[in-house]
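The values are calculated or read from the model by the stated rules, or taken from the named source; none is laboratory data. Since the structure is predicted, the reported quantities are computational estimates derived from the model, not experimental observations. Note that each Cβ is placed from the backbone with ideal geometry, even for glycine, and that neighbours are counted across all protein chains shown.
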């Protein structure tokens, strides 16, 4: 897993890698295969990107010192995209297991050309072992057919000196997002019931929640839970006493092992969308008019 600090650094360096590698790849492609192929850098990672899983690659390895190599991997599908563009659509699909000597030489020469064009940007210590490898994942697309596939350039991170984009000023403030809706739930209460009692519930039955209070609710959004006070409308609050639910006192002779399992039950409103500004103003002890919350 990539460390979050390093990941943030890669985000800021992505534009530099794109501006260095992509023109080289495009120029080499135009020289070997003429125009009509487009290349897009889609990912940079220190682990082989998940986009490379389940693919077969033609690999060119270029030794940069006694301990490290640069790898250029073109997927079998990417070779098909290139050959279809250069030679025209062919019913015979390219298979790496059946690659001809000529095809292998063409692909290797293309990969070598990419490395030779990139090499002036590398600073290589002939005796150092570079442990951290960057994998730049590209998609090559045939502009006339929209067919696309991937290839990957893998280089030691420390042989490059990328420039990092520094944020000079905050382009946004919290005030810019106060009207943005945030999805939230309002928890009324919770309790624990045996499965047997839940199975006997019918429409119209009254359920008393142990962990509930008519003057409090809990706001839940993402991993944030915040309790706040409410002022219920006395006209719609109904008193309750001892409730004898239909069948709640019936014999347990027909119960089974599962009926005794205790299950948590929660009561909450349907999810609503609350403006971020309103959400930020909710804090413990604040009285909130629920009628003002609309989806």
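General observations
- Just one of the numbered conditions (1) at negative phi; (2) modelled with pLDDT under 90; (3) over 32 Å from the mean Cα position of the chain (by Cα) is not true of residue 3: (3).
- Of all the numbered requirements in (1) modelled with pLDDT of 75 or more; (2) surrounded by 13 or more Cβ atoms within 10 Å (Cβ to Cβ); (3) in a loop (DSSP other than H, G, I, E, B), residue 245 misses one, and that requirement is (1).
- Whichever residue in the range 6-29 is within 16 Å of residue 79 (Cα to Cα) and in contact with a strand residue (DSSP E or B) (Cβ under 8 Å, 6 or more places away or on another chain) and, among such residues, is modelled with the lowest pLDDT: 29
- Consider the range 94-131 and keep the residues that are in a loop (DSSP other than H, G, I, E, B), surrounded by fewer than 19 Cβ atoms within 10 Å (Cβ to Cβ) and modelled with pLDDT under 90. The one that is nearest to the chain's Cα centre (by Cα) is 95.
- Check on residue 224, in contact with a strand residue (DSSP E or B) (Cβ under 7 Å, 6 or more places away or on another chain) and either at pLDDT 65 or above or exposed (fewer than 10 other Cβ atoms within 10 Å of the Cβ) (or both): no
- Residues located in the range 248-286, provided they are modelled with pLDDT under 70 and surrounded by 13 or more Cβ atoms within 10 Å (Cβ to Cβ): 255, 282
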